[in-house]
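The values are calculated or read from the model by the stated rules, or taken from the named source; none is laboratory data. Keep in mind that this is a model prediction, so the values were computed, not measured. So basically every Cβ, Gly included, is an ideal-geometry build from the backbone, and we count neighbours across all protein chains shown. Quick note on the areas: whole protein, heavy atoms, side chains included, nothing else; ligands and nucleic acids left out. Shrake-Rupley method; radii C 1.70, N 1.55, O 1.52, S 1.80 Å.
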Amino acid sequence: MGLFDGVKDAFGSSGMGDLDAQRETPIDRWMGWNTKKEAEQGSVSKAPSDFIDSMDEKNYISVNLPKPMGIVFEENDSEFGGIFVLEINEGSNAETEGTVRPGDQLVAVGTKKVSGLAFEDALGAIIESSEEKTKLVFFRGPSKFLYGPAGASAEWLDEFVGAAKVESTA
């Protein structure tokens, strides 16, 4: 028996056998020496098929609307906070303008960020606006993508709202 005859048996015929899950390291995964076969690994890190990136400026809209706007707001679930558009009143300024849709998440009123605020505070920012037309910035997507684990960071939203990077449509 030779010096290296036992190596083939220890590591399999290819020279590298399956790793024990407790021994697997990042280098093992990088080199392709995973404990799980590719078919077993599945789709661990895939984004949901309906994912909307809240850190992509294309997913935000902005409108300038006179009061009364005709938008009915509703509060998100308590885990997220913030408010969203429940419905648009028929014949209202918002319906005539045509940009705002039910489900849009209110992010800012003018230059004030209102995302994540309680219903009264977010709506209060609209009521307190003294402009002829009030600028509203909305995220076009569900609250789970704005406020959830994959949502925009507070720093990104602050910079986005402060820089007024969304073009107004009206």
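Restricting attention to the range 57-78, which residues are out of contact with any helix residue (DSSP H, G or I) (no Cβ under 8 Å at 6 or more places or on another chain) and at pLDDT below 90?
Passing the criteria: only Ser78.
For the range 130-154, what are the residues that are out of contact with any strand residue (DSSP E or B) (no Cβ under 7 Å at 6 or more places or on another chain) and open to solvent by 40 Å² or more (accessible area, probe 1.4 Å)?
Ser130, Glu131, Pro142, Lys144, Tyr147, Pro149, Ala150, Ser153, Ala154
Restricting attention to the range 81-104, report how many residues are open to solvent by less than 30 Å² (accessible area, probe 1.4 Å) and within 16 Å of Met69 (Cβ to Cβ).
7
Conditions tested, residue by residue: (1) of a type in the set (Gly, Ala, Ser); (2) closer than 21 Å to Phe51 by Cβ; (3) under 21 Å from the mean Cα position of the chain (by Cα).
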residue: Pro102; (1), (2), (3): no, yes, yes
residue: Val109; (1), (2), (3): no, no, yes
residue: Ala118; (1), (2), (3): yes, no, yes
residue: Leu123; (1), (2), (3): no, no, no
residue: Thr134; (1), (2), (3): no, no, no
residue: Tyr147; (1), (2), (3): no, yes, yes
residue: Ala150; (1), (2), (3): yes, yes, yes
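To keep it simple, each residue is scored yes or no on (1) assigned to a strand (DSSP E or B); (2) in contact with a helix residue (DSSP H, G or I) (Cβ under 8 Å, 6 or more places away or on another chain); (3) β-branched (Val, Ile, Thr); (4) at positive phi.
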| position | (1), (2), (3), (4) |
| --- | --- |
| Glu87 | yes, no, no, no |
| Glu95 | no, no, no, no |
| Thr99 | no, no, yes, no |
| Val107 | yes, yes, yes, no |
| Ser115 | no, yes, no, no |
| Leu136 | yes, yes, no, no |
| Ala152 | no, yes, no, no |
| Leu157 | no, no, no, no |
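Ser14: polar (S, T, N, Q), exposed (fewer than 10 other Cβ atoms within 10 Å of the Cβ), modelled with pLDDT of 80 or more and in a loop (DSSP other than H, G, I, E, B), yes or no? Give the steps one after another, and end with the answer.
Numbers: polar (S, T, N, Q): yes; exposed (fewer than 10 other Cβ atoms within 10 Å of the Cβ): yes; modelled with pLDDT of 80 or more: no; in a loop (DSSP other than H, G, I, E, B): yes.
For Ser14, the condition - polar (S, T, N, Q), exposed (fewer than 10 other Cβ atoms within 10 Å of the Cβ), modelled with pLDDT of 80 or more and in a loop (DSSP other than H, G, I, E, B) - is not met.
Look through the range 65-80, keep the residues that are charged (D, E, K, R) and part of a loop (DSSP other than H, G, I, E, B), and return whichever of them is nearest to Tyr147 (Cα to Cα).
From the range 65-80, those charged (D, E, K, R) are 67, 74-75, 77, 79; that's our starting set.
With the extra rule that they be part of a loop (DSSP other than H, G, I, E, B), the set shrinks to 67, 77, 79.
Numbers: Lys67: 28, Asp77: 11, Glu79: 9 Å.
Top of the filtered list is Glu79.
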